[in-house]
Amino acid sequence: MQIIRQLRGETVELKVEGRIDGYWSDHLAAAVDQEIRQGSHHIQLDLSQVAFLSSAGIGTLVRLYKDLQSIQGSFAVSNCSRNVLKVIQLSKLEDVLIAKVVPESLLIKDVGESSVESPASKSIRQIERCGSIYEVYPLGSESTLECRRLGDASPLEHCGFAKEHCRTMQFSDSAFSIGLGALGEHFEDCQGRFGEFIAAGGAVAYLPTDGTNVPDFLLAHGTALPEVQVCYGITCQGANPQPFRSLIRFEAKKSGEAVAFSRLLESCLDVAEAEQIGIVMIAESAGLIGAALRRSPVVAASEPKAFGFPRIRDWLSFTAERAYTKSVVLAAGVAVRGSAGALAPVIRPFPNASSSGLRIAGHFHAAAFSYRPVQRGQIDLKVSIKSLFEGQVLEGILHLLSDDRAVSGSGQSELIRGACWIAPISNITAEGAQA
């Protein structure tokens, strides 16, 4: 099979020569998936030189069509041979797969998108910095976040969490939270499973430490919210119906390059014009660096030197190199430049000082899912999160860290493109554990 690529405005046309059968359909799918990963969301196929199309090939075309439709993209056959057309017609897919005639002058427009410009799109700002492009969409002009530090993280040092450290929490879809917790009814039910959790958009995911190493999650249904048993954490809540001030779309300027996590945090802080912000993001990953607990740090397993060398290997799993390099991630957390106040005990520095000369620190958890491209433009956070949990496979959860060891360090997490929902933090409070 030979595939020739041609760019027509914002539409990529792939001219295919050969057969599309059970074997070669995988090669075609890989070529289209590669275009999607590089940011092309409008794709047409010229099949005029294809002599044979099998049912397996039809299945591949339908799958690609659905994938691009799910992200408001487009996929169609722009030209086809007589044999290909016959198979498509027999499959009763002509109206779905065959491209409608589009005037050449309109090819630069996004196929399938409305030509009516929304009020928000008129006020988009575009910023270019450090090899990346940022588009800023205004959301709630006065929106700010109230941030609470829940519980005390110090028992983690000696794996001494007990019932008195645990609280039952629910997080609305206008809040997000990260920390150490588990899904279950009470402390006794969860004591052997506590691990990293992330909650956002009415969804909660966590990584159990019971030896299964399989992440689990719960989604909100109507007014019913999932309950989380929390040992400690950080939670941010918006007072307004729209908790975020801005949506920031980002992408590396050059294809194949990535955006360093610390650079992304710095840009978000600058756009927000704040020194303390909350962030939820959905992004395509170029690799994550972080750690996750292997065992539940409850008092029954209390070990004063559990996190000392070499026992730390039994308690923590570190990424020796970038993980989840071909995934889409949901990440949430707080970023601080300068004084951290009540957050100081639970945040860690990220590499590279900001342009102001102040160190950027933060605390972020990320849930990695099987790959799907992130839809372009202005998207809704709750809808996007629900689509991830219902349509993709949850692969893992990490506490994002930077590995800056001089010789063997893996650096920091990197992302290709994505969306960040941000808002300044107006107040930070610390709450002790409930008895």
Cβ-Cβ below 6 Å, separation at least six or inter-chain, first residue in the range 223-239 and under 12 Å from THR168 (Cβ atoms), second charged (D, E, K, R): which pairs?
VAL230/ARG167
Can you tell me how many residues in the range 210-226 are in a loop (DSSP other than H, G, I, E, B), at pLDDT 85 or above and either among the charged types (D, E, K, R) or more than 22 Å from PHE318 (Cβ to Cβ) (or both)?
4
Would you confirm whether any residue within the range 189-198 is of a type in the set (S, T, N, Q), open to solvent by 30 Å² or more (accessible area, probe 1.4 Å) and touching a residue at least 12 places away in the same chain (Cβ under 8 Å)?
yes
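Matching residues to (1) crowded, with 21+ Cβ neighbours inside 10 Å; (2) modelled with pLDDT of 90 or more; (3) more than 16 Å from the chain's Cα centre (by Cα):
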residue	(1), (2), (3)
ILE234	yes, yes, yes
PHE244	yes, yes, yes
LYS254	no, no, yes
GLU284	yes, yes, no
GLY290	yes, yes, no
Does GLU273 satisfy the condition of being open to solvent by 10 Å² or more (accessible area, probe 1.4 Å), at pLDDT below 95 and at negative phi?
no
Determine if the range 172-183 includes at least one residue that is out of contact with any Phe, Trp or Tyr (no Cβ under 8 Å at 6 or more places or on another chain), open to solvent by 10 Å² or more (accessible area, probe 1.4 Å) and either among the aliphatic types (A, V, I, L, M) or within 10 Å of GLU227 (Cα to Cα) (or both).
no
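When only residues in the range 303-328 that are in a loop (DSSP other than H, G, I, E, B) and modelled with pLDDT of 75 or more count, which is least open to solvent (accessible area, probe 1.4 Å)? Write out each step before concluding.
Let us first name the residues in the range 303-328 that are in a loop (DSSP other than H, G, I, E, B), namely 303-311, 319-322, 324-326.
Going one step further and asking which of them are modelled with pLDDT of 75 or more, we end up with 319-322, 324-326.
Working: THR319: 21, ALA320: 85, GLU321: 134, ARG322: 82, TYR324: 68, THR325: 67, LYS326: 139 Å².
The qualifying residue least open to solvent (accessible area, probe 1.4 Å) is THR319.
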Given the residues GLU251, GLU257, which is the only one that is of a type outside the set (Val, Ile, Thr) and not in a strand (DSSP E or B)?
GLU257
Which one of GLY18, GLY39, GLY57 is open to solvent by less than 20 Å² (accessible area, probe 1.4 Å), on the phi > 0 side of the Ramachandran plot and of a type outside the set (A, V, I, L, M, F, W, C)?
GLY39
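For the range 203-225, give me the residue count where each residue is under 15 Å from LYS386 (Cβ atoms) and either charged (D, E, K, R) or open to solvent by less than 10 Å² (accessible area, probe 1.4 Å) (or both).
3
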Take the range 68-102 and flag every residue that is more than 22 Å from ILE4 (Cβ to Cβ) and of a type outside the set (A, V, I, L, M).
GLN69, SER70, GLN72, LYS86, GLN89, SER91, LYS92, GLU94, ASP95, LYS100
Within the range 166-203, count every residue that is assigned to a loop (DSSP other than H, G, I, E, B) and farther than 15 Å from GLY151 by Cα.
12
Would you confirm, using the coordinates I've provided, whether GLN229 is in contact with a Ser or Thr (Cβ under 9 Å, 6 or more places away or on another chain), part of a strand (DSSP E or B), open to solvent by 10 Å² or more (accessible area, probe 1.4 Å) and not hydrophobic (A, V, I, L, M, F, W, C)?
no
Hey, LYS66 over 32 Å from the mean Cα position of the chain (by Cα) and of a type outside the set (Gly, Ala, Ser) or not:
no
Filter the range 60-98 down to residues that are open to solvent by less than 30 Å² (accessible area, probe 1.4 Å) and under 28 Å from ILE379 (Cα atoms), then give me how many there are.
11
Of the residues that sit in the range 148-165 and are crowded, with 23+ Cβ neighbours inside 10 Å and under 14 Å from ILE234 (Cα atoms), which one is modelled with the lowest pLDDT?
GLY151
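The values are calculated or read from the model by the stated rules, or taken from the named source; none is laboratory data. All values reported here derive from a predicted model rather than from experimental measurement. In this analysis, Cβ positions are derived from the backbone assuming ideal geometry, glycine residues included, and neighbour counts consider all displayed protein chains. Ligands, DNA and RNA are stripped out before the accessible areas are found, and what is left, the full protein with its side chains, is counted by its heavy atoms. Shrake-Rupley method; radii C 1.70, N 1.55, O 1.52, S 1.80 Å.
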